[in-house]
Each structure stands twice: as C-alpha cells, then as structure tokens.
Amino acid sequence: MSAQELEVIDHTVQLTHEWINELRDRLGWTSSRDALRLLRQTMTQIRDHLGHDEVAQFAAQMPLLIRGMFYEGWRPSHTPVRERKAEDFIAAVGERLDDMQDWRGVEDIVAVFRTLDNRISEGELRDVKAGLPRQIRDLWPD
C-alpha cells in the first residue's frame, strides 16, 4: 500500500489537531491533551441528549478520529438521556475532568460550543440545538 492511499488518515489527523488547537486556544490552556478530554466529554454529553438520527448527522461532519471518540462507549439503547437540567449536563462533563487544574465548568463548555460553531455547519448546529433540552440549549452562546 502506498503512502498516497493513506491520505485519509493524514487528513483526519490534521483536522483533529486543528479542532484541538482551536479549542485549546479558546480556553487559553497549554495542554492539548486536556483540551481533547474536554472536547470529548462535552460532545459525548451532547450525543447522549440527542435522538439517534441526529447523532449520526452530527457525527458525519466530524473528522474521523473525533467521530470515533464521539461514538466510543455509546449505548444507543440508553439514549437519549432524561436529564434536562443544565446543572446535570455540566456535572456530567466535569465528572471525568475534576483532576484538571484548568477546568472552570460552564465557561469551558461554552468554549467547546464556540469551537463547534466554527467547525459544524450552521444548519446541522440548528438541528443539534433543537434536539437538546432547553436548559442545555440555553448554555450555547448565540
């Protein structure tokens, strides 16, 4: 197999780095690893609040590596989740980030939303937001 046949891998790695670097810069963090952890946790919480068709449409606009992390551990029979409060969403994101010194809660989640605003089409984001409970949707900046 030639190197040219693996361009899709190089391309998804490049796009993944672009997403992570954008988020890291928005956060003002130095750790790309922590930015990726935040991205992953926030996106999986979004995923778990959406219907299955919307999950698939949302994921289709992600780089392959991010899409894989987005789907990893997903249990479709347990979604969408019933928690509708913003506090529950924030707590669920933070649950696996509590060892990160830079974690600030909703401010960091908003940075992920802003990154998604820049990386996902406006029409798809409109559908994603419409699929979220109102309190969670209200966290998303205009």
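The values are calculated or read from the model by the stated rules, or taken from the named source; none is laboratory data. Everything numeric in this text was worked out from a predicted model, so none of it was measured. Glycine gets a Cβ as well: all are built from the backbone with ideal geometry, and neighbour counts include every protein chain shown.
Just to check your reading of the model, which residue among PRO133, PRO63, PRO141 is touching a helix residue (DSSP H, G or I) at 6+ places or on another chain (Cβ under 7 Å) and exposed (fewer than 11 other Cβ atoms within 10 Å of the Cβ)?
PRO141
Could you tell me whether VAL106 is over 24 Å from ASP53 (Cα atoms), modelled with pLDDT of 95 or more and in contact with a helix residue (DSSP H, G or I) (Cβ under 8 Å, 6 or more places away or on another chain)?
yes
Just to check your reading of the model, which residue among ARG26, ARG37, ARG96, ARG75 is free of Cβ contacts under 8 Å to residues at least 24 places away in the same chain and of a type in the set (D, E, K, R)?
Unique residue meeting the criteria: ARG75.
Looking at TRP19, TRP74, TRP29, which one is of a type in the set (Phe, Trp, Tyr) and either modelled with pLDDT under 95 or over 14 Å from the mean Cα position of the chain (by Cα) (or both)?
Values: TRP19 fails: either modelled with pLDDT under 95 or over 14 Å from the mean Cα position of the chain (by Cα) (or both); TRP74 fails: either modelled with pLDDT under 95 or over 14 Å from the mean Cα position of the chain (by Cα) (or both).
After applying the criteria, what remains is TRP29.
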